[in-house]
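Participant: There's a structure below that I have some questions on.
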Amino acid sequence: MMLIKSHANYIRVTPRKVRFVADAIRSLPVEKALAYLHVLPHKAVKPLQKALISGVANATSRLKVTKDALYIHAIDVNEGPRLKRWQPVSRGMAHGYVHRLSHITIVLSTREDKQKHMSSRQTTPVVTKERSKQRGTKDKS
């Protein structure tokens, strides 16, 4: 399994906001993910887009893989250091606030690896209404 990693560290967007966008493109093909990121109106899109393009460039130059054969294997968004600041307010006091930073890691893989990974997973049987009646359980509808 060929995995390509790309990192974007010390991004000035909170990890919660980046995770919201990262969850939307997780396990998508790269072409589809880039098209999806292009239309999203979030501030977290730009650093994710840069990290994804960097990963694609790494894969095409090192492994000689085409862009069409890549998909997003994993996206990790971790919290970086916090920048603590303060704002002066009335009566000589100060209110503190925190700027949170993010570390983004994107792992790319090829489509063949995804098909092998998906075929090796076991699926759980789905219980339908007919099967539940055969077992003697009551139907709630």
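The values are calculated or read from the model by the stated rules, or taken from the named source; none is laboratory data. Small disclaimer: the values here were computed from a predicted structure and weren't measured. Methodologically, a virtual Cβ is constructed for each residue, glycine included, from the backbone with ideal geometry; neighbour enumeration extends over all protein chains shown.
Participant: Kindly check whether there is at least one residue in region 93-104 that is in a strand (DSSP E or B), closer than 15 Å to Ile25 by Cα and modelled with pLDDT of 95 or more. So that I can check it myself, show each step before the final result.
Facilitator: Keep residues of region 93-104 that are in a strand (DSSP E or B), which gives 94-104.
Imposing the further condition that a residue be closer than 15 Å to Ile25 by Cα reduces the set to 104.
This time we only want the ones that are modelled with pLDDT of 95 or more, so: 104.
For region 93-104, residues in a strand (DSSP E or B), closer than 15 Å to Ile25 by Cα and modelled with pLDDT of 95 or more: present.
Participant: Read through the list (1) within 19 Å of the chain's Cα centre (by Cα); (2) surrounded by 15 or more Cβ atoms within 10 Å (Cβ to Cβ), then give the number of the only condition that Arg12 fails.
Facilitator: Against the list (1) within 19 Å of the chain's Cα centre (by Cα); (2) surrounded by 15 or more Cβ atoms within 10 Å (Cβ to Cβ), Arg12 comes up short only on (2).
Participant: Based on this model, can you work out whether His42 counts as more than 12 Å from Thr105 (Cα to Cα), more than 13 Å from the chain's Cα centre (by Cα) and either among the basic types (Lys, Arg) or not in a helix (DSSP H, G or I) (or both)? Step through it out loud before you land on a result.
Facilitator: Numbers: more than 12 Å from Thr105 (Cα to Cα): yes; more than 13 Å from the chain's Cα centre (by Cα): yes; either among the basic types (Lys, Arg) or not in a helix (DSSP H, G or I) (or both): yes.
Considered against the rule, which asks whether it is more than 12 Å from Thr105 (Cα to Cα), more than 13 Å from the chain's Cα centre (by Cα) and either among the basic types (Lys, Arg) or not in a helix (DSSP H, G or I) (or both), His42 comes out as yes.
Participant: Any residue at all in region 78-98 that is in contact (Cβ under 8 Å) with a residue 24 or more places away in the chain, out of contact with any His (no Cβ under 9 Å at 6 or more places or on another chain) and surrounded by 13 or more Cβ atoms within 10 Å (Cβ to Cβ)?
Facilitator: No, region 78-98 contains no residue that is in contact (Cβ under 8 Å) with a residue 24 or more places away in the chain, out of contact with any His (no Cβ under 9 Å at 6 or more places or on another chain) and surrounded by 13 or more Cβ atoms within 10 Å (Cβ to Cβ).
Participant: Tell me, please, whether a residue that is small (Gly, Ala, Ser) and either under 15 Å from His103 (Cα atoms) or in contact with a Pro (Cβ under 8 Å, 6 or more places away or on another chain) (or both) can be found in region 13-33. It would help to see each step written out before you state the result.
Facilitator: First pass over region 13-33, keeping only residues small (Gly, Ala, Ser): 22, 24, 27, 33.
Then drop every residue that is not either under 15 Å from His103 (Cα atoms) or in contact with a Pro (Cβ under 8 Å, 6 or more places away or on another chain) (or both), which leaves 22.
Within region 13-33, one or more residues are small (Gly, Ala, Ser) and either under 15 Å from His103 (Cα atoms) or in contact with a Pro (Cβ under 8 Å, 6 or more places away or on another chain) (or both).
Participant: Same structure, new question: In region 1-25, what residues are aromatic (Phe, Trp, Tyr) and at negative phi?
Facilitator: Going residue by residue through region 1-25, those that are aromatic (Phe, Trp, Tyr) are 10, 20.
Once the filter is applied, which keeps residues that are aromatic (Phe, Trp, Tyr) and at negative phi, region 1-25 yields only Phe20.
Participant: Something else: Suppose we filter region 28-39 for residues that are part of a helix (DSSP H, G or I), under 14 Å from the mean Cα position of the chain (by Cα) and in contact (Cβ under 8 Å) with a residue 12 or more places away in the chain; how many remain?
Facilitator: Taking region 28-39 as the starting set, the residues that turn out to be part of a helix (DSSP H, G or I) are 30-39.
Then keep just the ones that are under 14 Å from the mean Cα position of the chain (by Cα); that gives 30, 32-34, 36-37.
When the remaining residues are screened for being in contact (Cβ under 8 Å) with a residue 12 or more places away in the chain, the result is 30, 33-34, 36-37.
Residues in region 28-39 being part of a helix (DSSP H, G or I), under 14 Å from the mean Cα position of the chain (by Cα) and in contact (Cβ under 8 Å) with a residue 12 or more places away in the chain: 5 in total.
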